[in-house]
Amino acid sequence: MDINTDNILIGDSVYIVGHKKPDVDAVVSAFSYQIYRHSRGDFNYTAVRCDDVSPLTKWLFEKFNLDLPMLIRNVTGKKIVLVDHTDPVQRADGWENAEIIEVVDHHNLKLETTVPPKITIRPYGSTTTLVAQKLIRANVKIQPNIAGLMLAAIIDDTLALRSPITTYIDRSVAGQLAAIAGISDISGFARDIFDHKDLWLEMSADEIINTDIKSYEQNGLSLVITQVETMDNQKLSMKEADILAEMDRMNTMNPVNMRLVMLTDLLRNDCILLAVGDRVKDLESIFHTTLVNNNRMYLPGVLSRKKQLLPPILDFYANK
């Protein structure tokens, strides 16, 4: 009789996976959680990604001479750890027929269909902060290039540690990672990251919308939000008509109540919000300002999708 000796000593394979349309944090938190698990002797844990990565993510892995996690688009039949998300609409294809054994995240918990035995949620600015904290507390030796990659993920997710979601822990962990990586000028490093991200004028409307897009369904509302982080959102004015046309096309193909694109300015600390959908007029009541041409709104001081844009919208419908 043939005996399958795969993983006979280390257990069944477990795949650590972030959300669809992954940002830097989704990929790096999976990558770094694999390092943490291996440090605990759990060598059956493997970081993967379920979708194509952004140009920034690709550049960062190349910059630090590291390989991207392998691509697995469908997780049917696999044991998985969810990182940087729990929302079903953001999960990898096939999750309904996978076994979710753990969650590591910094968002609100959405596990109506299944409750894994281990859940770690912290209200930090990024999931990578949470994983880095685990590595530091466990006295795991972090290589300088990996520390640099993790620092980049924290900087990207917290908008250079300036987003309202940023906590003292994010700043503390970022400082420790910078010291390990030999990065003395965090501000300069952050500018380099956002310079490589700020390529929007070279991209098509479809590419812009799909680079950092997340879907939500709650309180009878279907909502899709894209965040575009730029050093100058005014420059993107020449792209607004194309973006809105593409948003309309997407909403015809796949209707949702609100399809939003945030043009977030990292220097001016403001947001130009582009909106389509059958409920966008409600945005005027939610944010107490006017929609220009029924599709454009200016939101000063709004930088965070997670903390400043999404909660007021969801609260509005929860209280209706």
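Each reported figure results from applying straightforward, stated rules to the coordinates on display, with no laboratory input. Computed from a prediction, not measured in an experiment: that's the story for all the values here. Virtual Cβ from ideal backbone geometry, glycine too; neighbours counted across all protein chains shown.
Worth a mention:
- Across the range 163-177, the qualifying residues are those that are hydroxyl-bearing (Ser, Thr, Tyr) and without any contact (Cβ under 8 Å) to a residue 40 or more places away in the chain, and the one among them that is nearest to Arg268 (Cα to Cα) is Tyr168.
- Counting the residues of the range 274-302 that are under 19 Å from Asp232 (Cβ atoms) and out of contact with any Lys or Arg (no Cβ under 7 Å at 6 or more places or on another chain) gives 7.
- Test set (1) closer than 21 Å to Leu68 by Cβ; (2) without any contact (Cβ under 8 Å) to a residue 60 or more places away in the chain; (3) crowded, with 19+ Cβ neighbours inside 10 Å; (4) over 14 Å from the mean Cα position of the chain (by Cα) - Gly94 fails condition number: (3)
- Consider the range 108-138 and keep the residues that are over 18 Å from the mean Cα position of the chain (by Cα) and assigned to a helix (DSSP H, G or I). The one that is farthest from Ser29 (Cα to Cα) is Arg137.
- Screening the range 163-178 for residues that are over 18 Å from the mean Cα position of the chain (by Cα) and under 15 Å from Phe189 (Cα atoms) and picking the one that is surrounded by the most Cβ atoms within 10 Å (Cβ to Cβ) gives Leu177.
- Evaluated against (1) touching a strand residue (DSSP E or B) at 6+ places or on another chain (Cβ under 8 Å); (2) surrounded by fewer than 24 Cβ atoms within 10 Å (Cβ to Cβ), Asn139 falls short on exactly one condition, (1).
- Candidates in the range 223-267 are the residues that are of a type in the set (Asp, Glu) and within 12 Å of Ile208 (Cβ to Cβ); of these, the one that is nearest to the chain's Cα centre (by Cα) is Glu229.
- Consider the range 97-136 and keep the residues that are within 15 Å of Ala174 (Cβ to Cβ) and small (Gly, Ala, Ser). The one that is surrounded by the most Cβ atoms within 10 Å (Cβ to Cβ) is Ala132.
- Cβ-Cβ distances below 8 Å connect the following pairs, each with a first residue in the range 222-240 that is of a type in the set (Lys, Arg), a second residue that is not in a strand (DSSP E or B), and a separation of six or more residues or different chains: Lys235/Leu201; Lys239/Trp200; Lys239/Leu201; Lys239/Ala205; Lys239/Ile208.
- Odd one out for Phe64, checked against (1) under 22 Å from Ile119 (Cα atoms); (2) touching a residue at least 60 places away in the same chain (Cβ under 8 Å); (3) touching a Leu at 6+ places or on another chain (Cβ under 6 Å): (1)
- Ile121 meets all of the listed conditions (1) without any contact (Cβ under 8 Å) to a residue 60 or more places away in the chain; (2) under 21 Å from Leu303 (Cα atoms); (3) in contact with a strand residue (DSSP E or B) (Cβ under 6 Å, 6 or more places away or on another chain) but one, namely (2).
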